[in-house]
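K.L.:
I'd like to ask you about the structure that follows.
Nothing in this text is a laboratory measurement; each read-out follows from the coordinates by a stated rule. None of the values given here were measured: they were computed from a predicted structure. Cβ atoms come from the backbone with ideal geometry, glycine included; neighbour counts cover every protein chain shown.
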């Protein structure tokens, strides 16, 4: 039986792996820029440097997004059983298992697919604050809360 702790641990690892990748890419670019600065001059060098700078800004932006996701996951206490949908709730609807946290890729644990939703998403925002038996319609599809933890 899959637990909320397993889901949270999996997502924390996924986010940490992404953080590591972005940090490696950023430090790789910084090294390239330093090496490049030693060996060249002129317009070509300036263009390469500004391209590297743009790439670094993009990576820094993505890194900030992933760090925000980590902060959200770090605030979730997996031992709490929720009576109403809130951050950290594991919600079973008709046919879907939803983890209310932050928008992350779906995962499969013990042959069950879990969708990580942010509370601000169209479905997340309708489910927030509601309990078992509540139904919501998003994009023409009905979602009914069958269980909650």
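K.L.:
Taking a ≥ b ≥ c as the square roots of the Cα gyration tensor eigenvalues, with a/c under 1.5 meaning rounded and otherwise prolate when a/b beats b/c, else oblate, which class fits the range 75-149?
P.N.:
Rounded, because the longest to shortest axis ratio a/c is under 1.5.
K.L.:
Now for a different question. Match the structure shown to one of the listed values (1) 1.08; (2) 1.18; (3) 0.97 of Rg/Rh (Cα atoms, Kirkwood Rh), computed from it, and give that label.
P.N.:
From the options (1) 1.08; (2) 1.18; (3) 0.97, the structure gives (2).
K.L.:
Let me ask something else about it. How far is the Cα center of the range 104-140 from the Cα center of the range 50-83, in Å?
P.N.:
Here the answer is 20 Å between Cα centres.
K.L.:
How far apart, in nm, are the 7 Å Cα→Cβ label points at residue 110 and residue 80?
P.N.:
2.3 nm
K.L.:
Taking Cα atoms, how many degrees apart are the long axis of helix 43-74 and the longest axis of the chain, rounded to 10 and kept between 0 and 90?
P.N.:
For 43-74 against the chain, the angle is about 20 degrees.
K.L.:
Ok, one more. Given a Förster radius of 35 Å and the C-beta distance between residue 96 and residue 16 as r, what FRET efficiency does 1/(1 + (r/R0)^6) yield to the nearest 0.05?
P.N.:
Details: r = 26 Å, r/R0 = 0.74.
The calculated FRET efficiency here is 0.85.
K.L.:
Continuing with this model, one more query. Add -39500 (n - 2.57) for each DSSP H run of 4 or more in the chain, then divide by its residues: what number comes out at 222 nm, to the nearest 500 deg cm²/dmol? Walk me through the intermediate numbers first.
P.N.:
Numbers: 3 runs with 74 residues, N = 149.
Using -39500 (n - 2.57) per qualifying helix, the result is -17500 deg cm²/dmol.
K.L.:
Same structure again: Please give the FRET efficiency for residue 57 paired with residue 9, using the beta carbon to beta carbon distance and R0 = 41 Å, rounded to the nearest 0.05. If you can, show how the numbers build up before the last one.
P.N.:
Details: r = 32 Å, r/R0 = 0.78.
After rounding to 0.05, the efficiency reads 0.80.
K.L.:
Which order do peptides 93-106, 130-143 fall in by mean Cβ count within 10 Å, highest first? Before the final figure, lay out each step's value.
P.N.:
Values: 93-106: 17.7, 130-143: 12.4.
My ranking of the peptides, most packed first, is 93-106, 130-143.
K.L.:
If I take R0 = 22 Å and measure r between the Cβ atoms of residue 64 and residue 32 in this structure, what FRET efficiency does the formula 1/(1 + (r/R0)^6) give, to the nearest 0.05? Could you put the intermediate results ahead of the total?
P.N.:
Details: r = 21 Å, r/R0 = 0.97.
Between residue 64 and residue 32 the formula returns 0.55.
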